[in-house]
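Structure record follows, encoded as structure tokens.
Values in this text are rule-based calculations from the coordinates and carry no lab data. Since the structure is predicted, the reported quantities are computational estimates derived from the model, not experimental observations. Every residue, glycine among them, receives a Cβ derived from its backbone with ideal geometry; neighbour counts consider all protein chains shown.
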Amino acid sequence: MEASVILPILKKKLAFLSGGKDRRSGLILTIPLCLEQTNMDELSVTLDYLLSIPSEKCKARGFTVIVDGRKSQWNVVKTVVLMLQNVVPAEVSLVCVVKPDEFWDKKVTHFCFWKEKDRLGFEVILVSANKLTRYIEPCQLTEDFGGSLTYDHMDWLNKRLVFEKFTKESTSLLDELALINNGSDKGNQQEKERSVDLNFLPSVDPETVLQTGHELLSELQQRRFNGSDGGVSWSPMDDELLAQPQVMKLLDSLREQYTRYQEVCRQRSKRTQLEEIQQKVMQVVNWLEGPGSEQLRAQWGIGDSIRASQALQQKHEEIESQHSEWFAVYVELNQQIAALLNAGDEEDLVELKSLQQQLSDVCYRQASQLEFRQNLLQAALEFHGVAQDLSQQLDGLLGMLCVDVAPADGASIQQTLKLLEEKLKSVDVGLQGLREKGQGLLDQISNQASWAYGKDVTIENKENVDHIQGVMEDMQLRKQRCEDMVDVRRLKMLQMVQLFKCEEDAAQAVEWLSELLDALLKTHIRLGDDAQETKVLLEKHRKFVDVAQSTYDYGRQLLQATVVLCQSLRCTSRSSGDTLPRLNRVWKQFTIASEERVHRLEMAIAFHSNAEKILQDCPEEPEAINDEEQFDEIEAVGKSLLDRLTVPVVYPDGLMIMKPCLYWKGQVPQSQDHVFLQTPEDK
């Protein structure tokens, strides 16, 4: 029975245990009767509850019951005394009926209790309030009976409610904690899980119950030692009444079970955390090995152009972004596992390390696949970029080769040829770079193992390899075609250079020949003073003619070469209408002047030879030459020479004439060789 159930009855104070004791250390039970009619059922309930409070040891010492009938009638007192036989027959050792000041019929009362003594089983005495001290010490009596023991029924009732609530809650809590703790100690995992499901949380807060118990114990201990300084002591919560040792025992048991419960909670929390980590690890692993790997399996191509490779890169970045979220979870889980490893128990180390290893293996493998794919796409993008640049260079070179060459001179041809060679060299460098990029990309593809995406990638790799090799072969063929065209263009341009060079050299030969002609006309006019000198002049003239002949032949050869080159180049030479006529005209002029020079020198030699012969025969008197025939011959030669000297040398085109200066007898010209150049109008 709990006080909270019969709280309205207990508040009526129909009976109470004040905490006082008789001389035998038995408890004193007081029943204060009032003027109003006492409800015997309620009194019986009250007595049952009060008598359930003391321990069996305390009950064995018996009770002294004080029935306060001063405010009641004898019939009520008699009924209460008789009721004690049914309620506490064995525990009652003495019943003290406090009689009122108005004297009851002594004979009737005495006879009645004496008559019922054997049947009641306890002694009943009638006593006035001031005579109770004969049976009970004053310090054990309340103030109502002239004693010094203080008793506050409502305070006792409140403390009793607190005690019973604590006892009930602590007992229930102990059972729950024991069930939880015992369940956690079971080896069967299924029973443990069932225990966790049903009793994981106690019905009340252990901290609150412990706090209530400590407050109650503190109150009990405080009231027990009140009056130690000489005052009157009141101990309604004495050991025998409210079982202070029971409170202490309950607190000790609670602390023990709560400590175990906290350890169980810690273990379960750790187990829960471990299970959550394991669940998250499996989520990460399942996603990476499932949807994550599927995304990578679907992305195997490298694209066939820069735009296609860039689109694949963008798609791969989206895949990496999704993976990054799971990698962030991996980092967080790895930190949690590391923290548990640092503070974990030996039994969890193996499982934690296994989870950590599994998570790390999957994440690192997936990260390696992502990095491999990114590097592959970057290499493909660079390969296609080099291929595009090379294609543009080949297109530019082909466009240059398709345009017909119409240079103005050899220098422009040389410049064009140099530009063509530079473009071809740039194409060679570009093709070499394409081969290097392509080979690097092929090496990456060949190093791609079948486990990279969890399936055989031979077919996909073959398509990629074929594409790369096809691009390189196509570029090689285009480059070879351009090289062939460059060779043809180079040959043509070199022939054009030679053509311009031949024309320039031919023009130079004409100039040289013109200079020789000019020198012949202006400086080669002396005939010599004697035969020997004239012979020397003739020999020099012949050498001079040989030089002119070589110059003319050289010019003719150059012009012939231009004809051959023009035929090869299928173009019209400008030399046939300009340089060749000029060369022939100058050569014809030189030939006529040269032949005239030879005739004059030969005549001069003949003249000087005959003259010298006559002079040798008559050196002292040349006037006395008798051989008139010989003299006539000399004279004829001289006159013929003079006549020839007076005849001008006319150019074939008739634009210029040469009139030599004659030697006059007795005069010496200002210069040995003097030439007058006149136009046809001056003739």
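Numbers for the structure displayed
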| quantity | calculated |
| --- | --- |
| Segment residue 563-residue 207, extension gain: residue separation times 0.36 nm, minus the distance between their alpha carbons | 116.0 nm |
| Förster-model FRET efficiency, 60 Å R0, residue 414 and residue 349, C-beta, rounded to 0.05 | 0.15 |
| Under 12 Å, Cβ to Cβ, from residue 601 - net charge with Lys/Arg +1 and Asp/Glu -1 | +2 |
| Inter-probe distance in nm under a simple model that places probes 7 Å from Cα toward Cβ, at residue 483 and residue 463 | 3.3 nm |
| Linear extension gain, residue 439 paired with residue 592, 0.36 nm per residue minus alpha-carbon span | 47.4 nm |
| Computed FRET value (nearest 0.05) for residue 367 with residue 182, which takes r as the C-beta separation and R₀ as 51 Å | 0.60 |
| At R0 = 35 Å, FRET efficiency that the Cβ-Cβ distance of residue 248 and residue 13 yields, to 0.05 | 0.75 |
| Segment 148-184 residues near the modelled residue 271 label - backbone nitrogen below 16 Å, point 7 Å along Cα→Cβ | 177-184 |
| Extension gain, residue 550 back to residue 86 (0.36 nm per residue minus Cα-Cα distance, nm) | 149.8 nm |
| Summed side-chain charge close to residue 545 - residues other than residue 545 whose Cβ falls under 13 Å, Lys, Arg +1, Asp, Glu -1 | -1 |
| For segment 1-81: rounded, prolate or oblate by the Cα gyration tensor [a/c cutoff 1.5] | oblate |
| Separation between Cα centres of segment 249-297 and segment 142-156, rounded to whole Å | 59 Å |
| Approximate spin-label separation residue 432-residue 614, in nm, with each point projected 7 Å along Cα-to-Cβ | 8.9 nm |
| Over 18 Å between alpha carbons, listed pairs 21/168; 21/131; 21/59; 425/479 | 21/168 |
| Positive minus negative residues near residue 325 (Lys, Arg vs Asp, Glu; Cβ under 15 Å) | -3 |
| Label-to-label distance, nm, for residues given as residue 304 and residue 639 (7 Å Cα→Cβ offset) | 10.7 nm |
| Cβ-placed point charges (K, R +1; D, E -1), dipole of segment 516-575 about Cα centre in debye, nearest 20 | 380 debye |
